[in-house]
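Taken together, the values in this text are just the output of simple stated rules run on the coordinates, not laboratory data. Nothing here was measured: the structure is a model prediction, and the numbers come from that model. In this analysis, Cβ positions are derived from the backbone assuming ideal geometry, glycine residues included, and neighbour counts consider all displayed protein chains.
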Amino acid sequence: MFNPVVAVVLFVGLIYFWLLSPIHFKAMLDYRLYRVMNWSMAIDGLLFWWLVLDPRLAPSRRVLVVIAAIPPQIILGAYIFFTPHELYPIDSICGRAFTWITLMRDQQIGDLLLWIPGSMMSVIGALIALRHWLRLSARSRLRHERATQAHVRHAKPKLS
């Protein structure tokens, strides 16, 4: 779970899995499967972000983990948004709270709510990881410069 490749594949894979139309349809009709869907996404998200924020993982890897998760989210969001037909027939079967919105518009609005904030959280996570990496890099450079200056001071020949 804490391997960066496994974490990205699992994080993105669960999103894709639960948004597959037949899976999503079944999950929306069966309250037990609906709970599994919600809990698996919550736990997976917590584990993913735990890995991204884990100081034991190299800062460069943290940045790459988050950046690797962004394109698949964008692709899925674009696919759902621009699909010309209804992907989730459960909305027409079970009814909707906002009946004045067409099914396609409802699908697009729901997708935008999933796509934009999800991708933005990944971008924010990448920026935080990048900031941390740059801060550690600057500290390392300062330590190296101080050590070099101390070495130069001690290496200077004394003039008598």
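When the Gaussian network model of the chain links Cα atoms closer than 10 Å, the mean-square fluctuations of 137, 122, 40 top out at 137.
Show that you can apply the helix-only estimate: for the chain, add -39,500 (n - 2.57) for every DSSP H stretch of four or more residues, divide by all residues, and state [θ] at 222 nm to the nearest 500. When only DSSP H runs of four or more count, the value is -28500 deg cm²/dmol. Across the range 109-119, computed HN-Hα scalar couplings (Karplus, 6.51 cos²θ - 1.76 cosθ + 1.60, θ = phi - 60°) run 5, x, 5, 4, 5, 7, 6, 5, x, x, 5 Hz from first to last residue, x flagging Gly and Pro.
From largest to smallest, the equivalent ellipsoid semi-axes obtained for the range 4-155 from the alpha-carbon gyration tensor read 45, 16, 11 Å. The distance linking the range 26-44 with the range 86-110 is 20 Å (Cα centroid to Cα centroid, whole angstrom). Placing one equal scatterer on every Cα of the range 51-91 and applying the Debye formula, the log10 ratio I(q)/I(0) at q = 0.14, 0.31 Å⁻¹ is -0.50, -0.99. In sequence order, the range 38-49 has phi-based couplings of 5, 5, 5, 5, 5, 5, 4, x, 5, 5, 4, 6 Hz under the Karplus curve 6.51 cos²θ - 1.76 cosθ + 1.60, θ = phi - 60°, and Gly or Pro positions carry x. Run the dipole for the chain about the Cα centre, Lys and Arg Cβ at +1, Asp and Glu Cβ at -1, nothing else charged, and hand back the magnitude in debye, nearest 20. Here the chain has a charge dipole of around 1540 debye. Per-residue Cβ neighbour counts within 10 Å put 99, 83 in the sequence 99, 83, beginning with the fewest. In terms of other Cβ atoms within 10 Å, 32, 131 run from fewest to most in the order 32, 131. For 24, 132, the sequence from fewest to most other C-beta atoms within 10 Å is 132, 24.
For the range 63-74, 3J(HN,Hα) computed residue by residue from phi via the Karplus equation (6.51, -1.76, 1.60; θ = phi - 60°) reads 4, 5, 4, 5, 5, 5, 7, 6, x, x, 5, 5 Hz, glycine and proline entered as x.
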